[in-house]
Every structure is written in structure tokens, then in C-alpha cells.
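The structure appears right after this line, and notes come after that.
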Amino acid sequence: MLSLRGLKGRQVNHQRRGLFGLSQGFARHGAWGMALALWAAVAPAATAQQAILDQQVEFQPTQDTYTFTAEAGQAVIIEMVSEEFDTFITLLNPAGEILDQNDDYNGTPQATIVLELPEAGEYTVLAGSFYGQMGGNYRVSVKPATDFQLVYDRALELMQSEDYGEAAEAYEAATALVPNDPNSYLGRADALLRHQALLLGESFGGPNDLPPEVREDIVENYEKAAQFYRANGNEDFAALILEQAEFIRTGEDPGQVN
């Protein structure tokens, strides 16, 4: 049984750790590299200059403190949601050491931690804001995590570490657990594409370079993602994903003007 108790006023230093967002790179259709966000731009090195002002600052926003008790190996999902400020949560183990932190989860402003707790005892959740804003209304919750949430979170971690082949398998396992979740199909398509980009290296110039069976798998997962996004009322995003599916299928960029 999880029991959540609230205390006030504790502070902690933290660093941002945002998890990889699967839907990032789909904000606009068009060029191959932009739509799928496969390659990051490299900024030129800055020229050495004398600083007019150079200060290093660590934010120490006041954070609300909550505690809960759990058993060793218990899987939990901790969420902090607000429409008024950028939420940030820190989980401390029974010894008061930082166990995990999160700001943005899966490309959303919702701070979330999913994990299996390593030991029995009393854990502490520090609920605050990333940039040290004054704060506002929010909701914080600690619940038992489902098998789907654990597998999906594992897929996100593998994407973050650029282990795209393993991530694709984790997303496939997630679709087996919850067959109508669009994010799992979109994540699998993205993982398969990125995995092939790494395998092919400089010889990878576009969809026509993909192995036929992988190409078909990517298209199928895009189409399933679009189907379930549309069922959830996300028509515009579904249409954008279908454009990407058509681009992978034909090799012709739908955003390119002839």
C-alpha cells in the first residue's frame, strides 16, 4: 500500500533531465531531415572573448515535500502536472539521496518518474518548478505503475541512450500490452528509422536506402499510430504522421514543391 503525506518548505539543488520526446520533429512536414529529426545541427565554436558579465547560478526554489512508504521492488509512477508553471520532481531514497529527477517527460511538460523502488522504506518526493518560478496550482500523485508503463519507460530510456534497436523491441512489447496506444507505434517507427540511419551511416540518404522489410515495418507503425491518434481526436497530428508514412513508402517528400 502506498501512503502519501505532505510536508512543506524543503529545498534541493537539481539539474534538468528531460527524457527524449517521440513526437519531436513532427511540428512541420517537409524536408527529410527536419521531419524526422535524425541529425542535429552542429554550432560553430565560439570565439574567445572577455566576458562583460559571467556568473554561475544554482536555482534553489522552495519545494513542497511529500513522503510515501513502499516495499522493495514495488513499481511506481510519480506525476506532477500544472498548467501554470514548468514542474520538476525529485525522488529521494530512504537515506535522503537523489534517486531520480524529471522535468519534461516524453516531450510533454508533465514531470514524471517511473521506476521500481530498490528498497523498502520511506521515500520523499520534492515537488517544485524547474526555473524557480513562484509556482501555482499543481497536482502530484504516486501510484503503482503498470507493466505497460514500465516497458514504455524502458523504451524511452533506450531512445535516450541511442540504443535504437533495443528501443524498437521495447516499443513492440508495449504495443502487445496496450494495443491501442498510438505513442508506442510512433516510437517504434522512429526507433526503427534511427536504427537504420546508424547502421547505414553516410550511405543513408533517404527511404529508398531502407531494407524493404524494415521500410514496410516503419510504414505500418506510422499508419497504426495515425489510426489511434485520429480515434483520440488528434486529426491534424494523424494527418502529419500519414504524410511521413507516405514519404517512407514512396521516397517522395510530400512537402516538396515541384
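Throughout, read-outs are computed from the coordinates displayed, never taken from laboratory work. Not measured: the values here are computed from a predicted model. Cβ coordinates were reconstructed from backbone atoms using ideal geometry, including for glycine residues, and neighbour counts include every protein chain displayed.
Details
- For the range 105-178, the convex hull drawn through the C-alpha positions has a volume of 136 cubic angstrom per residue.
- Kirkwood analysis of the Cα pair distances in the range 111-245 returns a hydrodynamic radius of 17.1 Å.
- Across the range 152-222, the volume of the C-alpha convex hull divided among the residues equals 76 Å³ per residue.
- Other-chain or far-sequence residues with amide H under 5 Å of Q110's (modelled H): Y105
- Applying the Karplus relation 6.51 cos²θ - 1.76 cosθ + 1.60 with θ = phi - 60° to the range 106-117 yields 3J(HN,Hα) values of 6, x, 10, x, 8, 6, 8, 10, 10, 6, 9, 6 Hz, where x marks Gly and Pro.
- Mean Cβ count within 10 Å, highest first, over the residues of peptides 173-180, 202-209, 155-162: 155-162, 173-180, 202-209
- A70 long-range amide H proximity, modeled H, under 5 Å: G121, Y123
- Residue-wise HN-Hα coupling along the range 214-228, computed from phi with Karplus coefficients 6.51, -1.76, 1.60 (Hz; x: Gly, Pro): 5, 4, 5, 5, 4, 4, 4, 6, 4, 5, 5, 4, 4, 4, 7
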